[in-house]
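Peer 1: The following block contains the structure, expressed as structure tokens.
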Amino acid sequence: DVKVTQSSRYLVKRTGEKVFLECVQDMDHENMFWYRQDPGLGLRLIYFSYDVKMKEKGDIPEGYSVSREKKERFSLILESASTNQTSMYLCASTSPNGPSNQPQHFGDGTRLSIL
Amino acid sequence: AQKVTQAQTEISVVEKEDVTLDCVYETRDTTYYLFWYKQPPSGELVFLIRRNSFDEQNEISGRYSWNFQKSTSSFNFTITASQVVDSAVYFCALSEAPRDDKIIFGKGTRLHILP
């Protein structure tokens, strides 16, 4: 069965801290994505990656960076956390060569609070 | 530019009633994909359906059905004989070829099924 694992379900950090959110997939997928989800705004794409060491900005990249050193792992980094980054963060993966009817697999999400 | 509009922010119905969730999309491409995802209270996103722009046939899966109409740019989702377990946030989404794995989500509709 497919699996996207996010390292934490809940995380509390302080303003100014450097925060790492980790995502690992076991499906050998090329493509990985980070979204944030806020009430009334739906899911918004932060960054995505189509290959190792490759990254592209999504719709709201400001204040974030990412790292893709290995195919199975895609990390989201908050360089200096701020309270407006309190949100639910969702990681997803997909393969361009995968089954056409299931394009993205999502992790369970990390609910991040910045105090 | 791509856009997905879910005008219904929140809907409440009594169990066993039918309910339709509306989705209207905008795209300049002739080849695109439409999706519905379900997010139960536990938080994970569950893929429900993907439909490409060349297939306007309606789809039925158990109590779920989808009505795709290109003429009105709509991809509506109906739950027949709703159950309490259907309570969730439902997202409609759109992606454009050739990179159909980058998905734009609507803001979601929160559905409450009352016992």
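Just so you know, all these numbers are worked out from the coordinates, no wet-lab data involved. Note that the coordinates shown come from a computational prediction; the quantities given were computed from them, not determined experimentally. Here Cβ is always computed from backbone atoms with ideal geometry, including for glycine, and neighbour counts include all displayed protein chains.
Peer 1: What is the count of Lys pairs in chain A whose alpha carbons sit under 22 Å apart, if the two are 8 or more places apart or on different chains?
Peer 2: 14
Peer 1: What is the distance in Å between the Cα centroid of segment B:43-76 and that of segment A:33-53?
Peer 2: For segment B:43-76 versus segment A:33-53, the Cα centre distance is 23 Å.
Peer 1: Just to be sure I understand: if I project the alpha-carbon convex hull of segment A:46-94 onto a plane and average over all orientations, what area do I get in nm²? Walk me through the numbers on the way to the answer.
Peer 2: Working: hull surface 14.1 nm².
The Cα convex hull of segment A:46-94, projected and averaged over all directions, gives 3.5 nm².
Peer 1: Classify segment B:1-54: rounded, prolate or oblate, from the alpha-carbon gyration tensor (a ≥ b ≥ c, eigenvalue square roots; a/c under 1.5 rounded; otherwise prolate if a/b is larger than b/c)? Intermediate values should be presented prior to the final figure.
Peer 2: Numbers: a/c = 2.14, a/b = 1.72, b/c = 1.24.
The shape class here is prolate.
Peer 1: Rounded, prolate or oblate: which fits segment A:1-99 when a ≥ b ≥ c are the square roots of the eigenvalues of the alpha-carbon gyration tensor, with rounded for a/c under 1.5 and prolate only if a/b beats b/c? List each step's numbers first, then the result.
Peer 2: Values: a/c = 1.70, a/b = 1.63, b/c = 1.04.
Prolate, since a/c reaches 1.5 and a/b exceeds b/c.
Peer 1: Between B:Glu15 and residues 5 or more places away or on another chain, which pairs have amide H atoms under 5 Å apart, with H built 1.01 Å from N, and which residues are they?
Peer 2: Counting only residues 5 or more places away or on other chains, the set is B:Leu114.
Peer 1: What is the mean number of Cβ atoms from other protein chains located within 10 Å of the Cβ atom of each residue in peptide B:40-53, rounded to a whole number? Numbers along the way, then the final one.
Peer 2: Values: counts 0, 0, 2, 10, 7, 12, 1, 6, 0, 1, 6, 1, 1, 0.
Averaged over the peptide's residues, the number is 3.
Peer 1: Inside 10 Å of the C-beta atoms of A:37-43, what's the mean count of C-beta atoms belonging to other chains? Spell out each step's value before the answer.
Peer 2: Working: counts 7, 1, 5, 4, 3, 11, 11.
If you average over the peptide's residues, the count of other-chain Cβ atoms is 6.
Peer 1: Applying the Karplus parametrisation 6.51 cos²θ - 1.76 cosθ + 1.60 with θ = phi - 60° to the phi angles of segment A:5-18, what ³J(HN,Hα) value in whole Hz is obtained for each residue in order, glycine and proline being reported as x?
Peer 2: Values per residue, Gly and Pro as x: 10, 9, 5, 9, 7, 9, 8, 10, 9, 9, 3, x, 6, 8 Hz.
Peer 1: Another question, if that's okay. Which aspartates and glutamates, if any, have their Cα less than 14 Å from the Cα of B:Lys16, not counting same-chain residues under 8 positions apart?
Peer 2: Qualifying aspartates and glutamates at Cα under 14 Å: B:Asp86.
Peer 1: Right, next: Please work out whether segment B:16-115 counts as rounded, prolate or oblate from its C-alpha gyration tensor, where a ≥ b ≥ c are the square roots of the eigenvalues and a/c under 1.5 means rounded, while otherwise a/b larger than b/c means prolate and anything else oblate? Could you put the intermediate results ahead of the total?
Peer 2: Working: a/c = 2.28, a/b = 1.59, b/c = 1.43.
Prolate, since a/c reaches 1.5 and a/b exceeds b/c.
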